[in-house]
Amino acid sequence: MKLNSRHVSQRWVMAVMGMMGVTMAYVMRACLGITLTQMVKPVVVADGGAKSVRHDYCPMQKSSSRGHPKSNRTLIVDDEFQHRFDWDEKTQGEILSSFYYGYILTHLPGGVLSQRFGGKHTMGIGILSTAIFTLMTPYVANMGPRPLTILRFVEGLGEGTTYPALYTLLAQWAPPEEKGKLSTVVFAGAQIGNIFSNCLSGFIIQYIPGGWPNVFYFFGITSLIWFVLWCMFVYNDPKSHPFISDMERDYLKQSIGSLERKKDLPPTPWKSILTSWQIWALIFIEVGHDWGAFTIISDLPKYMSDVLHFSISENGLLSSFPFIAQWVTSILASILADWLISKRIMSVTAVRKNFAIIGNVGPGIGVMCASFVGCDKMIATLCFTLGMALMGFCYPSIRVNSLDLSPNYSSTIMALVNGIGCLSGMATPYIAGILTPNRTVLEWRLVFWIMMIVMTSSSVLYGLFGSGELQPWDDLEQHYLKEKEKSEKGLPMDESLSIIHSKSIEDGKSLNKLES
């Protein structure tokens, strides 16, 4: 087995296992969105002294009556829903958003832990804890909405370390010319997770005896299996990997320059990071991207159930279509991005900016079109699918930009960027719950208008101030040597070196040892 493993590209093993890890993270995060439609009672209004399901805009399909006389339909509905939870839209929004309150808190600690101890165990332990809490979800849900809100908050704490850990691993395993492909493979797990959480959840609820609790049991156990495989096959860096081939080790050393994590990195240059327009441009577009992504992840199943009245099996299948399209587009876009860069057709900065704008503006237009087609289920699904397909362009742009700017501090930067971006995840389910008390298309249209405005405005800011160039403060030693080489050749030096130098002194670093 050891001999055969040397013929396997270990950087791709890391990428595939990372993709599966992101998949596990997203299925445990997103499965509540569709499962909640079967956990709670529909909106009801008084109708001649009896209760009936309220449909203000789109009519129910006639087949939903199952051939029973009209006078008996209300009794069937009541019997079907009597064991569900009586949670209103605001309560559901609070439950869905509580995950992100915990998620945002562990981003920066996750980045620091990843830089010090490596990404393997930082990510593994985070997913393990989330898996355990996912298995507890059915029991806690029966205790009430408050305990479930707390549980989801704790789940978010575990998953908050996922992306910082993966960026640390990618900095050690992804050669520059493969950065787009490897990163896209890893982060494509987000779409795969959304596909599985919607499609499999609907199937499990519809056909597996026991109903919605089985969703959490299935995904929790699957995540535990992934954790065991992750511990067996993934290593922090090429130097510590016992099975990597000499050819791959030499290739990574030549292309990346280091086979081992820099455990003696200077203190994080916080002032340089926090005063960088390039970083803030990335933060702005991440907020816009996350606003759209979390709106779709958390609320698309609810929209299809409450407004378009899809059955649970239809909901699970059709809710997954946009994420299938996004996954395919992300892979094709990553191949295109790497080709454009390697052939020098476009600069790294131009690729990152243009792809990010396409990936942010497109989904906003798609969901707006879906809200204007009314009750046409197929056209609405097509609009959602086309819009989310364009979001795939964000993966070889936004998702790898922190690696462009600073490989050494990419996990910390990503933690800062994604952490602030997660404010969207905290806000969108709650806002949607407040704005859609009656669950009509007109109410949801306002939700989608807000989504489009946020995504478009963030794209404009990124187009003006974003960058794909390595920042001088990432590695002061290498930057100083390059500038010294320029000086010896009579070329103009970087005027920002003195500024970076002064900032680095304030951050607890000095270039004196480099100049001696």
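The values are calculated or read from the model by the stated rules, or taken from the named source; none is laboratory data. Keep in mind that this is a model prediction, so the values were computed, not measured. As a convention, Cβ positions derive from the backbone with ideal geometry for all residues, glycine included, and neighbour counts pool all protein chains shown. Quick note on the areas: whole protein, heavy atoms, side chains included, nothing else; ligands and nucleic acids left out. Shrake-Rupley method; radii C 1.70, N 1.55, O 1.52, S 1.80 Å.
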Which of the following residues is closer than 20 Å to Ala165 by Cβ, modelled with pLDDT of 85 or more and under 20 Å from the mean Cα position of the chain (by Cα): Arg11, Arg29?
Arg29
Given the conditions (1) modelled with pLDDT under 80; (2) within 30 Å of the chain's Cα centre (by Cα); (3) of a type outside the set (Gly, Ala, Ser); (4) open to solvent by less than 40 Å² (accessible area, probe 1.4 Å), and given that Lys41 satisfies all but one, which numbered condition is not satisfied?
(4)
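Can you tell me which residue among Ile358, Ile420 is under 21 Å from the mean Cα position of the chain (by Cα), closer than 30 Å to Arg116 by Cα and surrounded by fewer than 21 Cβ atoms within 10 Å (Cβ to Cβ)? Write out each step before concluding.
Numbers: Ile358 fails: closer than 30 Å to Arg116 by Cα.
Among Ile358, Ile420, only Ile420 is under 21 Å from the mean Cα position of the chain (by Cα), closer than 30 Å to Arg116 by Cα and surrounded by fewer than 21 Cβ atoms within 10 Å (Cβ to Cβ).
Could you tell me whether segment 271-287 includes any residue that is open to solvent by 60 Å² or more (accessible area, probe 1.4 Å), part of a helix (DSSP H, G or I) and more than 20 Å from Val400 (Cβ to Cβ)?
Residues of segment 271-287 that are open to solvent by 60 Å² or more (accessible area, probe 1.4 Å), as a first pass: 271, 274-275, 277, 280, 284.
Narrowing the set further to residues that are part of a helix (DSSP H, G or I) leaves 271, 274, 277, 280, 284.
Narrowing the set further to residues that are more than 20 Å from Val400 (Cβ to Cβ) leaves 271, 274.
The answer is yes, given that some residue of segment 271-287 is open to solvent by 60 Å² or more (accessible area, probe 1.4 Å), part of a helix (DSSP H, G or I) and more than 20 Å from Val400 (Cβ to Cβ).
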Could you list all residues from segment 404-448 that are over 22 Å from His107 (Cβ atoms) and small (Gly, Ala, Ser)?
Ala432, Gly433
Might you check whether a residue that is open to solvent by less than 60 Å² (accessible area, probe 1.4 Å) and of a type in the set (Val, Ile, Thr) occurs anywhere in segment 460-475?
no
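Residue-wise test of (1) in a loop (DSSP other than H, G, I, E, B); (2) open to solvent by 60 Å² or more (accessible area, probe 1.4 Å); (3) touching a residue at least 12 places away in the same chain (Cβ under 8 Å); (4) touching a strand residue (DSSP E or B) at 6+ places or on another chain (Cβ under 6 Å).
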residue: Ser201; (1), (2), (3), (4): no, no, yes, no
residue: Asn214; (1), (2), (3), (4): no, no, no, no
residue: Ser223; (1), (2), (3), (4): no, no, yes, no
residue: Val228; (1), (2), (3), (4): no, yes, no, no
residue: Asn236; (1), (2), (3), (4): yes, no, yes, no
Considering only segment 334-355, state which residues are open to solvent by 10 Å² or more (accessible area, probe 1.4 Å), among the hydrophobic types (A, V, I, L, M, F, W, C) and closer than 15 Å to Glu178 by Cα.
Ile335, Leu336, Trp339, Leu340, Ile341, Val348
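Which one of these is within 24 Å of Tyr101 (Cβ to Cβ), hydroxyl-bearing (Ser, Thr, Tyr) and within 15 Å of the chain's Cα centre (by Cα): Thr137, Thr161?
Thr161
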